[in-house]
Ligand SMILES: Cc1cc2nc3c(=O)[nH]c(=O)nc-3n(C[C@H](O)[C@H](O)[C@H](O)COP(=O)(O)OP(=O)(O)OC[C@H]3O[C@@H](n4cnc5c(N)ncnc54)[C@H](O)[C@@H]3O)c2cc1C
């Protein structure tokens, strides 16, 4: 039983995974590999002065999430069922259980129906429906959160990544009963270098 299963390994899902895994929460990312990032060249992602290919950012995100302790399984989610303590998620690579789901599925919101999650028309250009979420990222279904383009952010990688982090912090805060903070200071060797 994972603490959180994040469905979607794009900007939002991988960013969320870094936060939940770094907080010591067992984190599983399930991704079928159709991130919008694959088509993007990013000149507007802070920190990359000369731009970065979306695919390079995505692969780096997988490595960072795994280094933080997340497990990544490259597989399509085909079904979801409620079980006593959370959710059973069926994929092409087997079944997984998680207490909480975080939907970061980009342009695809087809999983909403299986979960009873409400969708609303997206307001951004070329967006179809998006999951309906509250200000913290909760859908109306207990235990199901959503982030990124699928939750209605503007379609910009840094905004989606930031939203994944934001929703993860809100989830971690709910679990802890106090606001979660993930801050580091420079390690001495780095600071001197
Ligand atoms: C041509 C193009 C150019 C762009 N250029 C820029 C740019 O210059 N700057 C910028 O900031 N943004 C740009 N973008 C937008 C940017 O790529 C997106 O805003 C960003 O990728 C959204 O992140 P996300 O995590 O919400 O969704 P995504 O990155 O799409 O991630 C969603 C992930 O969920 C997975 N998924 C969905 N359903 C399932 C399922 N059932 N099972 C398993 N996995 C599933 C998908 O396969 C995908 O990997 C561009 C987009 C396009 C198309």
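Nothing in this text is a laboratory measurement; each read-out follows from the coordinates by a stated rule. Predicted model only: the values in this text are computed from it and were never measured. All Cβ positions, glycine included, derive from the backbone under ideal geometry; neighbour counts span all protein chains shown.
Under a GNM of the chain (C-alpha, springs under 10 Å), which listed residue has the highest mean-square fluctuation: 43, 31, 163?
43
Using a Gaussian network model of the chain whose springs link C-alpha atoms within less than 10 Å, name the residue from 134, 182, 56 with the highest mean-square fluctuation.
For the chain, modelled as a Gaussian network with Cα springs under 10 Å, the answer is 182.
Taking other Cβ within 10 Å of each residue's Cβ, how do 5, 158 sort, fewest first?
158, 5
Looking at the chain as a GNM with Cα springs under 10 Å, which of 27, 153, 78 has the largest mean-square fluctuation?
Top of the fluctuation ranking is 78.
Express as a percent, rounded to the nearest 5, the fraction of DSSP beta bridges in the chain (both residues included) that run antiparallel.
The answer is about 50 percent antiparallel.
When each pair of different Cα atoms in region 12-93 is counted once in the 1/r mean, what is the Kirkwood radius in angstroms, to one decimal? Write out the running numbers ahead of the final one.
Working: mean 1/r = 0.0711 Å⁻¹.
Computed over region 12-93, the radius equals 14.1 Å.
Just subtract the alpha-carbon distance of residue 71 and residue 187 from 0.36 nm times their residue separation and send over the number in nm, one decimal.
Computed gain between residue 71 and residue 187 is 39.1 nm.
Could you let me know the centre-to-centre spacing of region 105-160 and region 66-96, using Cα atoms, in angstrom?
For region 105-160 versus region 66-96, the Cα centre distance is 19 Å.
So what's the back-of-envelope 222 nm ellipticity for the chain, counting only DSSP H runs of four-plus at -39500 (n - 2.57) apiece and dividing by all residues, rounded to 500?
Result for the chain, helices only: -9000 deg cm²/dmol.
Based on alpha-carbon atoms only, what is the radius of gyration of the chain relative to the globular estimate 2.2 N^0.38 Å? The partial results should precede the final answer.
On the way: Rg = 16.1 Å, N = 193, 2.2 N^0.38 = 16.3 Å.
In units of the 2.2 N^0.38 Å rule of thumb, it is 0.99.
Suppose R0 equals 41 Å; then what is the FRET efficiency for residue 38 and residue 113 from their Cβ-Cβ distance, rounded to the nearest 0.05?
0.95
With a Cα-only, solvent-free Debye model of region 6-60, what are the log10 I(q)/I(0) values at q = 0.13 Å⁻¹?
Each listed q maps to, in turn, -0.35.
Extension gain residue 179-residue 60, at 0.36 nm per residue separation less the Cα-Cα distance, in nm?
Difference between extended and current length: 40.1 nm.
P(r) for region 89-189, please, calculated from all Cα pair distances in 10 Å bins and given in %.
The distribution over region 89-189 is 15, 42, 30, 10, 3, 0, given as percents.
At a Förster distance of 41 Å, what's the computed FRET efficiency of residue 45 paired with residue 93, Cβ-Cβ distance as r, to 0.05?
That pair, residue 45 with residue 93, gives E of 0.85.
If I model a spin label as a point 7 Å beyond the Cα along the Cα-Cβ vector, how far apart are those points for residue 129 and residue 82 in nm?
1.9 nm
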